[in-house]
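One structure is given here, and the rest of the page talks about it.
Every number here is computed from the coordinates shown, using simple stated rules; none is lab data. In this text the structure is predicted, and so the values were computed from the model without any measurement. Neighbour counts are summed over all protein chains in view; Cβ atoms, including those assigned to glycine, are modelled from backbone coordinates with ideal geometry.
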């Protein structure tokens with residue numbers, strides 16, 4: 001699914017240039033569950049932006065599903081994000097005055113899918129993410145942190161992406177709720193064969209994956225199975 005080969009990213013500012021990534025290479029297969037871990041300033045956020053087609057490398061190649069993402073235009077990158085990648089963020093990014101179901105159907109509106117079909121697809125995604133049916137019509141500001149994150153996971157699933165990219169998904173949750181959310185990712189990986197990349201700085205979070213890529217100072221320091 002993913003091949004990252006000799007990827008480097010250099011930022012140029014008025015104070016000079018900074019190498020955020022330095023010839024990073026790895027492969028992720030379909031159905032893998034991988035954690036990318038590293039301290040603040042290690043380059044993992046830069047790598048996450050490249051993997052999520054939010055940015056392109058200065059040099060090297062990033063191939064997703066056979067397409068070299070590193071050469072694409074802004075419009076083409078937007079198409080990749082919409083069609084192939086589901087994002088789950090620490091900050092949830094839900095509409096507070098919309099129901100859980102409405103929040104999940106929104107990505108389907110842009111595909112002009114009829115309302116009844118949108119709601120059926122969103123219902124399946126919410127159940128896959130582990131949210132009880134009784135909460136589907138609750139406003140997102142009426143839900144707990146863990147329930148909100150499950151809605152965010154469902155929204156990431158609704159377009160049937162080939163890759164789920166989760167950036168510090170438990171960062172705003174207490175330990176117990178975070179464990180429940182991580183088990184949701186584990187279930188999606190094991191039962192639905194979803195490919196998941198988890199970005200984190202915490203080892204207790206990373207160990208839920210099958211493999212940990214540890215990055216420091218813009219380079220891969222280790223790449224090992226859990």
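Please determine, in degrees from 0 to 90 and to the nearest 10, the orientation of helix 100-109 with respect to the longest principal axis defined by the Cα atoms of the chain, where the helix direction is its Cα long axis.
Once rounded, the angle reads 60 degrees.
Can you compute the FRET efficiency between residue 201 and residue 54 using 1/(1 + (r/R0)^6), with r the Cβ-Cβ distance and R0 = 25 Å? Round to the nearest 0.05.
0.85
Please report the spacing between the Cα centers of region 44-111 and region 1-34 in Å, no decimals.
Cα centroid to Cα centroid, the span is 16 Å.
When DSSP assigns beta bridges and you keep just the ones with both residues in the chain, what percent turn out antiparallel, to the nearest 5?
Of all bridge pairs located within the chain, approximately 55 percent are antiparallel.
Sort 44, 187 so that the residue with the fewest other Cβ atoms within 10 Å of its own Cβ comes first and the one with the most comes last.
187, 44
How far is helix 145-157 tilted off the main Cα axis of the chain, in degrees rounded to 10, range 0 to 90?
70 degrees
Compare the peptides 127-136, 206-215 by average per-residue count of other Cβ atoms within 10 angstrom and give them in order, highest first.
206-215, 127-136
Just subtract the alpha-carbon distance of residue 222 and residue 97 from 0.36 nm times their residue separation and send over the number in nm, one decimal.
40.6 nm
Under the definition of Cα pairs under 8 Å and six or more residues apart, what whole-number percent is the relative contact order of region 105-168?
40 percent
Mind jotting down the distance between the C-alpha centroids of region 187-203 and region 125-165, whole Å?
With region 125-165 and region 187-203 each reduced to a Cα centre, they are spaced 15 Å.
Once you sort the root eigenvalues of the Cα gyration tensor of region 172-226 as a ≥ b ≥ c, which label holds: rounded (a/c under 1.5), prolate (a/b larger than b/c) or oblate (the other case)?
Taking the square roots of the gyration eigenvalues as a ≥ b ≥ c, region 172-226 is oblate.
Express the relative contact order of the chain as a whole percentage, based on alpha carbon pairs under 8 Å and six or more residues apart in sequence.
29 percent.
Using 0.36 nm times the number of residues separating residue 68 and residue 6, minus their current alpha carbon distance, what extension gain do you get?
Between residue 68 and residue 6, full extension yields 21.0 nm more.
Pairing the Cα long axis of helix 175-192 with the longest principal axis of the chain, what angle in degrees results, from 0 to 90 and rounded to the nearest 10?
90 degrees
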